[in-house]
1. Given H placed on each backbone N at 1.01 Å, which residues far from residue 92 in sequence or on other chains put an amide H within less than 5 Å of it?
2. When the chain is fully extended, how far beyond the present Cα-Cα distance does residue 221 get from residue 284, taking 0.36 nm per residue of separation?
3. Strictly over 24 Å apart at the Cα level, which of 217/274; 189/335; 32/59; 32/104; 322/348; 164/217 would you flag in this model?
4. So if we plug the beta-carbon distance of residue 144 and residue 194 into 1/(1 + (r/R0)^6) with R0 = 35 Å, what FRET efficiency do we get, rounded to 0.05?
5. Taking amide H positions as placed 1.01 Å from N in the peptide plane, with prolines and chain starts having none, which residues 5 or more places from residue 213, or on another chain, fall under 5 Å of its amide H?
6. How do 100, 105 rank when sorted from fewest to most other Cβ atoms within 10 Å of their own Cβ?
7. Would you mind calculating the gained length between residue 294 and residue 70 on full extension (0.36 nm times residue separation, minus the Cα-Cα distance), in nm to one decimal?
8. What Kirkwood radius, in Å to one decimal, follows from the Cα pairs of the range 209-309?
Amino acid sequence: MVLCLDDFSGDGLGELAIGTWSGNLSLIAGGKVKWNSVYKNLQLDRFSVIDDVDGDGVKDLLVQRWIQDKPSDIYFVSSVDGRQRAIFSANQYFYETNSDDIDKDNLNENILVYSADDLSVLEVFSPTYKFEYSGINDVWSTWSEYGKVLPIEIIPDYDGDGFKDLALGMSRKWGNSASALLIYSGKSKNLIDIISLDGDVSEDINGDEWQYFPEVKRFGELLTFIIPTQDQGGQSSGGRLGVYNLTSNDVVAYFNHEIKTVVSYGVNIQLLGKNGEIYILNQTDFRRPEVSDSGSTVKVKSNDNYYTTIYVDGGIAGSGRKSEFSMRLPNGDHKVIVSLLSEDGFEKLFNYDVSTFTSTSLAFLNNSLMVILVLFGAYKVIKKWKSQ
Ligand SMILES: [Ca+2]
Ligand SMILES: [Ca+2]
Ligand SMILES: [Ca+2]
Ligand SMILES: [Ca+2]
């Protein structure tokens, strides 16, 4: 088995990594043997070139030793000098190399989820960094269903301490449905926030009834995540894809089909379903609904091509296939979410901050006076257009 690597000896010719059935591993650079190693039970089928894991700018090697039909050890090996930069004893694993640099040392951190016998570990690592999570001791329930377990992603600095942070997705396997994104500090490695997506996550989230999301992936300011199907007595309750905006801190979309992976998330979102379906969705179809307030009444102008659901402060305030909604809200600040659900199961969420006033206080407000009030800071803005 011969793998080709980019030139690092400087002669303009690529280098070769050669593995043999007897377990010999050699690196030929510049026409000479640069290093030799022996890996007993070397699995040639899985011997591969991966992204740079040690930060020298040269792609590296993934080497596995298998016993019978399972991996027993996996090695991240530097291609330049043959050093083992990380070793895991794993029977099953999923990885993403060269992910992102959390601690600003110009070395990207890698993500590995693996299980070994009775233990499951999720690790974010580089030669100079390590974050380890072993709160969920089962990758199989997610793996057997989705064929992958990569539930963690590096996100932009969430708490403002200069280090990037980590978002980890998990949900309940049975019982009352609940799912959340757990935000861990890239610096202290402590849990710094829980973003509840569904149900009550205030309880212990390390119990046996929790499982990892199969995928959490970042596309710019958007974090896509796949909430696994909860098996309720053999009946699937429907896995779905969610999209969280890391700038506005809101869930902005759901796709109510069982998705295995998100291929791209641009104007046209491309999704791969669990059974091989391909979905291409055009987001521009979704126009932002107009939300206006007058006194204590809030009006929502939607579009009857969609099924609209309006949430006020977490509860449903109205729904239906209508183009106009009108609601009276108590005085104060409210979080309004307007959800538009299309017939193909794509759901866009639009977030608004709305403040309602009594008719007495409103009598003093007209548009020009409002501007003055805002300028003098006497009142908070009546409504803020938060997301999108
Ligand atoms: Ca060369
Ligand atoms: Ca390297
Ligand atoms: Ca780093
Ligand atoms: Ca941070």
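1. 115
2. Details: separation 63, 0.36 × 63 = 22.68 nm, distance 1.76 nm.
The residue 221-residue 284 span can extend by a further 20.9 nm.
3. Long pairs (Cα-Cα over 24 Å): 189/335; 32/104.
4. The calculated FRET efficiency here is 0.85.
5. It is 169, 170, 171, by chain and number.
6. Neighbour counts put them in this order, fewest first: 105, 100.
7. Result for the pair: 74.1 nm of gain on full extension.
8. That comes to 15.6 Å for the range 209-309.
Rule-based calculations on the coordinates, nothing more; no lab input. Every value quoted in this text rests on a predicted model; they were computed, and no experiment measured them. Cβ: placed from backbone, ideal geometry, glycine included. Neighbour counts: every protein chain shown.
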